[in-house]
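Right, one structure below, let's go through it.
Rule-based calculations on the coordinates, nothing more; no lab input. Just so you know, these numbers come straight off a predicted model, no measurement behind them. Cβ sites come from the backbone with ideal geometry, for glycine too, and all protein chains shown count toward neighbours.
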Amino acid sequence: MFTHARWAAGLALIAALAAGCGTGAGLYGSGAKPTATAHSAAPKPAVTHHHHARSAHATVTTRPASPAPSVTAPAANPIPQGNGGDQDADNNGGPSDGDGNI
Amino acid sequence: MITHTARRGRLILTAITATAAIVVTVAAFTVSGRSPGHAFPQLHPAAGPANWRHLTLPNGTAVLSYPPSLRPISGDKVAVSAARLTPHGAFQLYLNATPRQGSEQLAHWPAFRLHLLQADTAAAARQIASAQGVKFRGGTGSCVIDRYVTRIGGHHFQEIACLVVGRTSASVIVAAAPTAAWTQARPLLLQAVAAYLIR
């Protein structure tokens, strides 16, 4: 019985380690030329999804930032939220537009 | 004793089989560099259907096409937007085109977009997929699919955002929908992105 328990524990450990490695796999497919990063650009909390149970998308882990070395960060003084800035939708909780935050 | 040995043998065989299956699966994803559900979709640049409408950027450098179920909405003076809203004003579909305004570059567009979201409107943002060398009508683009949560209202959106460079100009097209509705919205949004025309 003890032997069985050890085997079961060992198997569970291997599975857990393998699953952990799996989450680090690339997130890209065919479609032009995929780039090399696949994680949040900053160490913010992971996005939580309440709406559906697609586990591949919902199980998000936060990883330390490792932005591309030559990326120029957007302006440090973001447009104020709460109908700030140009009063467009993305300053009021709507989807973000394509401006360069200038 | 014989029974015990046989059971132990079966257990060992099961463990080996399970471990091998896990290793093969992980290796397959690692080698191929892709994960089911996170592949960047192929875009096939083409004009929208005949009944689609068009919004030209004020500077005349690009044309945003959108289906008739959307309506133009106001936004930045240099940009054009169209959206489908619920009766309560919530966004169901959103399209926007804006001339390049900052230091956006094709090579770094996905990281730039994620930085921008988090510096500006989003409490959190996460990249889903990206692609370089995407063909557009009149140009080439770099695209990212991401999810974010707005600081105001905590709304969850998913978007495809592309920096598109044409012969004489560069601009950004954004196609977004609530995360919960992304699966349904995705085909129409991708069609709108594929119909984007840049000069």
**Asked** Counting only other chains, what is the mean number of Cβ atoms within 10 angstrom of the Cβ of each residue in peptide B:69-80?
**Response** 3
**Prompt:** Can you give the FRET efficiency for residue B:90 and residue B:123, using 1/(1 + (r/R0)^6), R0 = 25 Å, r = Cβ-Cβ distance, to the nearest 0.05?
**Reply:** 0.90
**Prompt:** Looking only at other chains, what is the average number of their beta-carbon atoms within 10 angstrom of each beta-carbon in B:153-161?
**Reply:** 3
**Complete:** For peptide B:125-136, the mean count of other chain Cβ atoms within 10 Å per residue Cβ is 6
**Request:** List the chymotrypsin sites (Phe, Trp or Tyr not before Pro) within the range B:77-128 that fall in a DSSP loop (any state other than H, G, I, E or B) and whose Cβ has at most 15 other Cβ atoms within 10 Å.
**Result:** none
**Request:** Using label points projected 7 Å from each Cα along Cα→Cβ, tell me how many nm separate residue B:10 and residue B:51, to one decimal.
**Result:** 6.3 nm
